[in-house]
Amino acid sequence: MLKFLKETFSIDEARVSTTILIFIGSSIFALYLCNKNGDIPDNLLTFLLVQLGVIGGVNISGAISDILNKKK
């Protein structure tokens, strides 16, 4: 399980690992609300989608940066 999490959220920078921790915490809170109320509020759902976009964007920009640095 730990290997899966490391491969899925493979951002090495410290400032972005905070984003991952916030995403995990928000996901746990969303699961709690879903269990308690049967629904996830729209604002929390939007926040989770933005967090996924941020993590994906950082991974994509890191991959592009690696490709450009290998060409030099």
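The values are calculated or read from the model by the stated rules, or taken from the named source; none is laboratory data. Everything numeric here is computed off the predicted structure, so don't read it as measured data. Using ideal geometry, Cβ is built from the backbone for each residue, glycine included, and neighbour counts are taken over all protein chains shown. Areas reflect the complete protein model, heavy atoms only, side chains present, ligands, DNA and RNA absent. Shrake-Rupley method; radii C 1.70, N 1.55, O 1.52, S 1.80 Å.
Here are a few things to note about the model shown:
- Residue tally, condition in contact (Cβ under 8 Å) with a residue 24 or more places away in the chain and either open to solvent by 80 Å² or more (accessible area, probe 1.4 Å) or among the β-branched types (Val, Ile, Thr) (or both), over region 43-72: 4
- Among the residues of region 44-72, those that are of a type outside the set (A, V, I, L, M, F, W, C) and under 14 Å from Phe23 (Cα atoms) comprise Thr46, Gln51, Gly53, Gly56.
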